[in-house]
Amino acid sequence: MNRAFYVTTPIYYISGNPHIGHAYTTVVADVLARTARTSGPAFFLTGTDEHGQKVANAASAAGKSPQQWCDDLIPRWQGLFAAYHVRYDDFIRTTQPRHERAVQAVFERLRDNGDVYLGKYEGWYCVADETFWLESKLVDGKCPTCGREVQWLSEDDWFFRLSKYRDRLLEHFRSNPEWVRPRSVYNEMMALLEEGLEDFSISRTNFDWGIPIPGGGGVIYVWFDALLNYITAIGWSTDDARFRTYWPASVQLIGKEIARFHTIIWPSILFALGEEAPQLVFAHGWITVDGQKIGKSWGNAVDPFALAERFGADSMRYFLLREAPFGSDFSYSEEKIAQRHNSDLGNDLGNLLRRSLAMLEKYREGIVPPAPGESAFAQRFADLPLRVREQILDLRFREALEDVWELVTALNRRIDDEKPWVLAKSADDASARQLDGLLYDLCEGLRWLAVLLHPVMPERTQEMWRQLGLVDGIDRDWSVLRWGELAQGTRTLPGDALFPRIEFVSS
Ligand code: MSP
């Protein structure tokens, strides 16, 4: 069956300014989608989570209606993703009628089949995290996640029959040990499952900024509403053919703090609807500063717009994927970004392009010479495109980039070893042929690099492409990338440095 690749990010709380952590997940999803698109249809969804008490409180503090307040913030979020060269296929807002109607349809469906029922809720609630807590989980009487005060709630609520899905979920975990990654999160979620699951309230009556419960009785709990975005956006209940093309999602990316919602509650809701769990939920690590998770409520949020401006969005994207194995936490500093930018990108890749095109200009008037034919060098990298694609689609971004860098390094080494400036001086045919072959391989290697790095650095690779004298095809299918395809006679167009050096002065 020709199913499309479907990747999602969490939908972000709109209640503040975006920070680099939000850019991180979204950039990763973009890299996956761009890579998947080279071999078939792909769909990439992101968006904003706009309901709930936190948003209502923030809006009222700003003297606006919640809807107005959300509408005013949207350009900032979409602007962030544009600033990071993110190309999503759809941006869902939970206040859109398409979503609200479908969430109500889910509610009705589950109420009809008995998985949603009326009961009494009493317990602790953390407004900042929009999460209910058992007394036993509180730390010094406060929210165990964020340390804030919790409120006591007592109301008649609609409940979701989570307990009913525990066995099915356990079975799902056991027979699909790779469906939650990394393994540490899988194990943690398994432990929760083994402890047992309790039904939970999915209605709120103490405020009204949410999707109304059909027939009255408050609004739908914000997490229940939010999780459903992943299927409402692709036509659940309204466009079955479209829905079946994309669901189950190929990869759902989340930060590890929301793993419980995505690997226990979310698949149970799907099971209740008669749908499959996503193929993979990947709970990545946190970007930290001084060991602390960056977050808007922590007072250490770093302005992601300023970072993209200073280092270049593509350098930021490279840094985010290259710095740590995907899944682990990693600490962030401008010094580290500057280092990656200057060293990997400026010295290794940027200089390779600059030197190669300058030599081609000097020795062959900027015209690509004939291809050298079969070579051990080409042979050595023949499987690189498919290997890198596999690594990226398996979310091993750092390894993928390390492998691509082997080509960067090998090309740089050939310049040092073969010394084109010496070859150019000797008058014999063999030297001229060797120089042709070397210059060809340098350009061809750079063409490959532009293709393979395009998902990670969409804008800078386009500039490489342009300087190589190429027009279309940077997003071609990697499985048909062959060494030797670069046409003899191509006129290269050397231009500005790809990654101009950034002086970093540590404070
Ligand atoms: N609205 C919920 C998600 C609902 S999904 C159905 C939410 N929103 S959020 O605005 O708090 O965004 C959380 C997500 O942003 C994390 O799961 C992660 O993807 C990203 N990150 C936020 N801070 C981050 C870091 N410091 N580091 C890495 N990712 C971070 O939770």
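The values are calculated or read from the model by the stated rules, or taken from the named source; none is laboratory data. What you are looking at is a predicted structure, and each value in this text was computed from that prediction instead of being measured. Methodologically, a virtual Cβ is constructed for each residue, glycine included, from the backbone with ideal geometry; neighbour enumeration extends over all protein chains shown. Accessible surface areas use protein heavy atoms only, side chains included; no ligands, DNA or RNA. Shrake-Rupley method; radii C 1.70, N 1.55, O 1.52, S 1.80 Å.
Details
- Every condition in (1) open to solvent by 10 Å² or more (accessible area, probe 1.4 Å); (2) part of a helix (DSSP H, G or I) holds for Phe224 except the one numbered (1).
- Restricting Arg501, Arg466, Arg476, Arg460 to those that are touching a residue at least 12 places away in the same chain (Cβ under 8 Å), of a type in the set (D, E, K, R) and farther than 30 Å from Leu393 by Cβ reduces the list to Arg501.
- Summed over the stretch 362-374, residues that are in contact (Cβ under 8 Å) with a residue 12 or more places away in the chain, open to solvent by 20 Å² or more (accessible area, probe 1.4 Å) and not aliphatic (A, V, I, L, M) total 6.
- Considering only residues in the stretch 1-12 that are over 17 Å from Gln391 (Cβ atoms) and among the hydrophobic types (A, V, I, L, M, F, W, C), the one that is surrounded by the most Cβ atoms within 10 Å (Cβ to Cβ) turns out to be Ile11.
- Candidate set from the stretch 207-220 (those that are in a loop (DSSP other than H, G, I, E, B) and modelled with pLDDT of 95 or more); member that is farthest from Leu118 (Cα to Cα): Trp209
- Condition met for Ser65 (more than 10 Å from the ligand (Cβ to nearest atom), in contact with a Lys or Arg (Cβ under 8 Å, 6 or more places away or on another chain) and of a type in the set (Gly, Ala, Ser)): no
- Test: residue in the stretch 78-85 that is touching a residue at least 40 places away in the same chain (Cβ under 8 Å), open to solvent by 10 Å² or more (accessible area, probe 1.4 Å) and in contact with a Pro (Cβ under 7 Å, 6 or more places away or on another chain): yes
- Figure legend. Inter-residue proximity from the stretch 174-203: first residues in contact (Cβ under 8 Å) with a residue 24 or more places away in the chain, second residues basic (Lys, Arg) and assigned to a helix (DSSP H, G or I), beta-carbon distance below 8 Å, spacing 6+ or different chains. Indicated pairs: Val185/Lys256; Met189/Arg260; Leu192/Arg260; Leu193/Arg166; Gly196/Arg166; Leu197/Arg166.
- Arg204 of a type outside the set (Gly, Ala, Ser) and either within 28 Å of the chain's Cα centre (by Cα) or at pLDDT 95 or above (or both): no
- Checking each residue of the stretch 375-391 against the condition of being farther than 22 Å from Arg482 by Cα, in a helix (DSSP H, G or I) and either open to solvent by 20 Å² or more (accessible area, probe 1.4 Å) or among the charged types (D, E, K, R) (or both) gives no match.
- The stretch 13-32, residues that are open to solvent by 10 Å² or more (accessible area, probe 1.4 Å) and in contact with a strand residue (DSSP E or B) (Cβ under 7 Å, 6 or more places away or on another chain): Tyr13, Gly21, His22
- Residue match in the stretch 446-462 (condition: among the small types (Gly, Ala, Ser) and over 18 Å from Arg34 (Cα atoms)): no
- Residue within the stretch 154-162 that is touching a residue at least 12 places away in the same chain (Cβ under 8 Å), closer than 26 Å to Ala56 by Cα and within 32 Å of the chain's Cα centre (by Cα) present: yes
- Leu110 vs. criteria surrounded by fewer than 21 Cβ atoms within 10 Å (Cβ to Cβ) and either in a helix (DSSP H, G or I) or within 13 Å of the ligand (Cβ to nearest atom) (or both): yes
- Hits in the stretch 466-482 - residues which are of a type in the set (Lys, Arg) and within 25 Å of the chain's Cα centre (by Cα): Arg476
- Candidates Tyr88, Tyr121 - the one that is touching a residue at least 40 places away in the same chain (Cβ under 8 Å), in a loop (DSSP other than H, G, I, E, B) and open to solvent by 20 Å² or more (accessible area, probe 1.4 Å): Tyr88
So that you can scan it fast, the table gives a plain yes or no per residue for (1) within 15 Å of the ligand (Cβ to nearest atom); (2) more than 21 Å from Pro41 (Cα to Cα); (3) not β-branched (Val, Ile, Thr):
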residue	(1), (2), (3)
Arg242	no, no, yes
Leu253	yes, no, yes
Ile265	yes, yes, no
Ala283	yes, yes, yes
Gly291	yes, yes, yes
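- Failed condition for Asn17, given (1) more than 12 Å from the ligand (Cβ to nearest atom); (2) modelled with pLDDT under 95: (1)
- On inspection, Tyr117 passes the criterion of being at pLDDT 90 or above and more than 32 Å from the chain's Cα centre (by Cα).
- Residue list for the stretch 189-206, restricted to those being part of a loop (DSSP other than H, G, I, E, B), among the polar types (S, T, N, Q) and surrounded by 13 or more Cβ atoms within 10 Å (Cβ to Cβ): Thr205
- Odd one out for Tyr186 among (1) away from the ligand (no atom under 14 Å from the Cβ); (2) within 30 Å of Ser154 (Cα to Cα); (3) open to solvent by 10 Å² or more (accessible area, probe 1.4 Å): (2)
- Boolean, Thr35 is near the ligand (Cβ under 9 Å from one of its atoms), open to solvent by less than 10 Å² (accessible area, probe 1.4 Å), modelled with pLDDT of 95 or more and not in a loop (DSSP other than H, G, I, E, B): no
- Residues (away from the ligand (no atom under 16 Å from the Cβ) and either modelled with pLDDT under 95 or of a type in the set (A, V, I, L, M, F, W, C) (or both)) located in the stretch 225-237: Ser237
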